[in-house]
Amino acid sequence: MNLALDIDGVLACFHRGFSQIANNLFGSPIVEDINQVKAYHWWDWGYPLTKGQHNKVWREIDKNVENFWLNLKPLVSSEIFLRLEKLERENNSIYFITSRRDTAGRNVLQQTNEWVKKYTSLKNFSVIPTEKKGKILDGVKIDYFLDDLPENLIEAVIEAPNCNPFLLIRSYNSFAIEFIKKSHKYRKINIVYSVEEFLDIVGNAG
């Protein structure tokens, strides 16, 4: 099987890394728990950053924060990485499809490759940075795909009809549950509440 996983919000603590930079610049709190994040746009859920300050944090990351992606902490336990390694040994292909962009330091592909190697012993994984995931999923014939952004799963349904898309529910995307349940077109999107649950499904399928 071919498996694809998003990274930030799924495997890596983007919220912790981003809020650390915001804290350095503006003294805003460091967000340790992903459940504190209530919306994709941080200025929409009560975090004390204006939209302009949010953009300044990104400019700081882009220009001055060396290897931001590489230095993010993992969001999952080592057990998850061990399970991915087991899936690879069982002749499954592992892809990490991410919307990360280039920042200061190494390019996004190098940083993300090094991040995966830092926390796993995977040998033959692929990292694909892209903002448009649907055609990639179809092109590399992904069988199971996990992401935390509903729009990416909707795109998967439209552009990768043979893929089984899974939405990892977080506090900031739970609004999508009812939409998916009521939608005839997007009912194919599966709901899971942990990476463990996703890997259980994949393991049973294999």
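Nothing in this text is a laboratory measurement; each read-out follows from the coordinates by a stated rule. Computed from a prediction, not measured in an experiment: that's the story for all the values here. No Cβ is skipped: glycine too gets one built from the backbone with ideal geometry, and neighbour counts run over all protein chains shown.
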Completion exercise
Scoring only Lys, Arg, Asp and Glu (+1, +1, -1, -1) among other residues with Cβ under 11 Å from the Cβ of Phe179 yields +3
Exercise for the section: Evaluate the relative contact order of the chain (contact order divided by residue number), counting alpha-carbon pairs under 8 angstrom at least 6 apart; express in whole percent. Expected result: 24
Exercise for the section: Could you check what % of the DSSP bridge pairs in the chain are antiparallel, to the nearest 5? Expected result: 5
Handout entry: Distance (nanometres) between label positions extended 7 Å along Cα→Cβ at Arg59 and Lys117
Key = 3.4
Fill in the blank from the handout: Ignoring trypsin sites (Lys or Arg not before Pro) buried by more than 13 other Cβ within 10 Å or outside DSSP loops, the longest site-free run in the chain is 1-100
Practice task
Output the relative contact order of the stretch 14-63, whole-number percent, from Cα pairs under 8 angstrom with separation of 6+ residues.
Solution key: 32
Problem - Total formal charge among the other residues, if their Cβ is under 12 angstrom from that of Leu72, Lys/Arg +1 and Asp/Glu -1 - result: +2
Problem - Proximal aspartates and glutamates relative to Lys133, as straight alpha-carbon distance under 12 Å, when same-chain residues fewer than 8 apart are discounted - result: Asp6, Asp147, Glu151, Glu155, Glu159
Problem - Bins of 5 Å, starting at 0 and running to the largest distance - Cα pair percent for the chain - result: 1, 7, 15, 19, 20, 17, 12, 7, 2, 0
Exercise for the section: Express in whole angstrom the spacing between the alpha-carbon centres of the stretch 27-78 and the stretch 133-206. Expected result: 24
Exercise for the section: Rounded to the nearest 500, what is the 222 nm mean residue ellipticity of the chain from helices alone, with -39500 (n - 2.57) per DSSP H run of 4+ residues and division by all residues? Expected result: -12000 deg cm²/dmol
Handout entry: Within straight-line cross-link reach of Lys86, lysines at Cα separation under 16 Å, skipping those fewer than 8 residues along the same chain
Key = Lys117, Lys123
Practice task
Please go through the stretch 124-171 and write out the GluC sites (Glu not before Pro) that DSSP classes as loop and that have at most 15 other C-beta atoms within 10 Å.
Solution key: Glu131
Fill in the blank from the handout: Straight-line reach check, Lys118, cutoff 16 Å on alpha carbons, 8 or more apart in-chain or any other chain, hits among lysines -> Lys73
